[in-house]
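Each remark here refers to the structure printed beneath this line.
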Amino acid sequence: MTRTDHRADRIAGIGTSIFTEITALAVKHEAVNLGQGFPDFPAPDFVKQAAARHIRDDHNQYAASAGVPRLRAALAEDWRRLCPGARAVDPTTEITVGSGATEMLHDAVLATVNPGDEVIVFEPAYDAYGPDVAMAGGVVRTVPLEPPDWRFDPDRLAAAFGPRARALILNTPHNPTGKVFSRAELEVIADLCRRRDVLVISDEVYGEILFDGAAHVPIATLPEMADRTITIGSMGKTFSVTGWKVGWTIASPALTAAVRAVHQFVTFTNSAPFQEALADVLPAAADNGYYGQLRADYARRRELLARVLRGAGLEPLPIGGAYFLLTDVGQLGYANDADFCRRLVTEIGVAAIPTSVFYEHPEAAPAVARFCFAKRDETILAAAPRLAALRASLNV
Ligand SMILES: Cc1ncc(COP(=O)(O)O)c(C=O)c1O
């Protein structure tokens, strides 16, 4: 008997990510790439030197599956810096290191979601959440964040907590909107999770990239949330080394044991020298003013991109964190952001991401494009004449 389709049901509906598609178009059309969210400027010297040192010192064999102990100790210490006064984290039983936030999200979902369980996700949502839930056999329940300030309606959130609600995936600061959830909003979420016995998987990879005094509050630090939260971090965004792929979870010993059960058979461990490097980088960054510099630097890049977008007739929406600016493409007469972004990359030579791809039903999403400003000044400025040409061609 010949089998006609060897593919598993669990991957039905998982297509090529928009980042792959837009990046391929950007390369083909030699576009200025403001699409995918990674820095095109050099990583900091003290970060690169730490990695070089550990490769030279021969930290080149398998690291401990849960993460090198020195790094877990440094992450526990860093948690104290991030949330002074919060409960201390035990590096032996409450921290697991893996291959970027991407793996840790996957591990966290597989470790906690049973087939048929519902997982509440705010949308627009980072593109990994849906496939992670689907691969666990779970079902996503979306709750909209409404532009321009991306607030959610507490009644709609409460209504999403059905009898099968198992987990809620939170992302703050939020990709793609740049929203930083306020403490009051987190309290609404935490209250529902406590009352309905729902777990929070909190993706906080942009926790250090904040603007205009916005404060990042890890939901795990709210009362009685530490035991029902898996907090996910990554060094990729914070230290401008997205290719290093070092991420981690912080969770109670019981949840950590569950995450480790998956992690040991997904990747078992990840790069030893980069983990060792991060163990040096975290205390150094806390001492050398790195975080303040990072924010000042991104505030400047954000202003530069905002000026370029305004010059093209695209007023950006306000943000509190992360490194993206969003604009309503209706301002240029487009009703559909995917059409806009395709035309932009193929004819104008600038790559951006249509945020409708971050929705379960893209056809009903607002027409908003996302531009990344984790770029050199030259890259951002190179987009200016091209975007101005778009505006001129539209006569708006
Ligand atoms: C919200 C969010 N979560 C997770 C990730 C993945 O992080 P990592 O590169 O550490 O796997 C990204 C990367 O863009 C992201 O934007």
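Ranked from highest to lowest mean number of other Cβ atoms within 10 Å per residue, what is the order of the peptides 48-55, 359-366, 5-12, 248-255?
The peptides rank, most packed first, as 248-255, 48-55, 359-366, 5-12.
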Using the 2.2 N^0.38 Å rule of thumb for compact globular proteins, work out how the stretch 188-280 stacks up: its C-alpha Rg over that value, please. 1.22
Through the Karplus equation 6.51 cos²θ - 1.76 cosθ + 1.60, θ set to phi - 60°, convert the phi angles of the stretch 204-218 into ³J(HN,Hα) values in whole Hz; use x for Gly and Pro. 10, 5, 9, x, 9, 9, 10, 10, 6, x, 4, 10, 8, 10, x
Over the stretch 190-292, what is the percentage of antiparallel beta bridges among all DSSP beta bridges, to the nearest 5? 50 percent
Could you list the GluC sites (Glu not before Pro) in the stretch 1-92 that lie in coil according to DSSP, counting only those with at most 16 other Cβ atoms within 10 Å of their Cβ? Glu30
Looking at the chain, what % of its DSSP beta bridges pair antiparallel, to the nearest 5? 45 percent
Estimated FRET transfer efficiency (Tyr62, Ala284; beta-carbon r; R0 30 Å; 0.05): 0.75
How do the peptides 179-192, 279-292 rank, highest first, by the average count of neighbouring beta carbon atoms within 10 Å per residue? 179-192, 279-292
Charge dipole (the chain, unit charges on Cβ, about Cα centre) - positive-most of Ser240, Pro318, Ile14: Ser240
Taking θ as phi - 60°, what are the ³J(HN,Hα) couplings along the stretch 364-373 by the Karplus curve (6.51, -1.76, 1.60), each to the nearest whole Hz, with x for Gly and Pro? 9, 7, x, 7, 10, 9, 10, 10, 8, 10
Tell me the per residue accessible area of the stretch 243-396 using a 1.4 Å probe; a whole number in Å² is fine. 39 Å²
Using the per-residue mean of other Cβ atoms lying within 10 Å as a proxy for protection, in what order, highest first, do the peptides 323-330, 196-203 fall? 323-330, 196-203
Could you check how much of the accessible area of the chain is carbon and sulfur, as a whole percent, using a 1.4 Å probe? 53 percent
Theoretical ellipticity at 222 nm over the chain - DSSP helices of four or more residues, -39500 (n - 2.57) apiece, nearest 500: -12500 deg cm²/dmol
Relative to the present Cα-Cα distance, how much length would full extension add between Asp90 and Ser393 at 0.36 nm per residue of separation? 103.2 nm
Mind running the shape call on the stretch 1-57? Use the C-alpha gyration tensor, a ≥ b ≥ c as the square roots of the eigenvalues: rounded below 1.5 for a/c, prolate if a/b tops b/c, oblate otherwise. oblate
Based on Cβ point charges of +1 for Lys and Arg and -1 for Asp and Glu, what charge dipole magnitude is obtained for the chain about its Cα centre, in debye rounded to the nearest 20? 360 debye
Most fluctuating residue given options Met104, Met235, Met225, as computed from a GNM of the chain linking Cα atoms under 10 Å: Met225
Suppose every Lys and Arg Cβ carries +1 and every Asp and Glu Cβ carries -1, with no other charges. What dipole size does the stretch 274-371 come out with about its Cα centre, to the nearest 20 debye? 380 debye
Using only C-alpha positions, report the orientation-averaged shadow area of the convex hull of the chain, nm², one decimal. 21.0 nm²
Can you give me the C-alpha center-to-center distance between the stretch 59-104 and the stretch 306-361, rounded to a whole angstrom? 36 Å
Take the alpha carbon gyration tensor of the stretch 1-154, find the square roots of its eigenvalues, order them as a ≥ b ≥ c, and report rounded if a/c is under 1.5; if not, report prolate when a/b exceeds b/c, else oblate. rounded
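The values are calculated or read from the model by the stated rules, or taken from the named source; none is laboratory data. What you are looking at is a predicted structure, and each value in this text was computed from that prediction instead of being measured. Because the Cβ atoms are built from the backbone with ideal geometry, glycine has one as well, and the counts that use them run over all protein chains shown. These area figures cover heavy atoms from the full protein model, side chains too; ligands, DNA and RNA do not enter into them. Shrake-Rupley method; radii C 1.70, N 1.55, O 1.52, S 1.80 Å.
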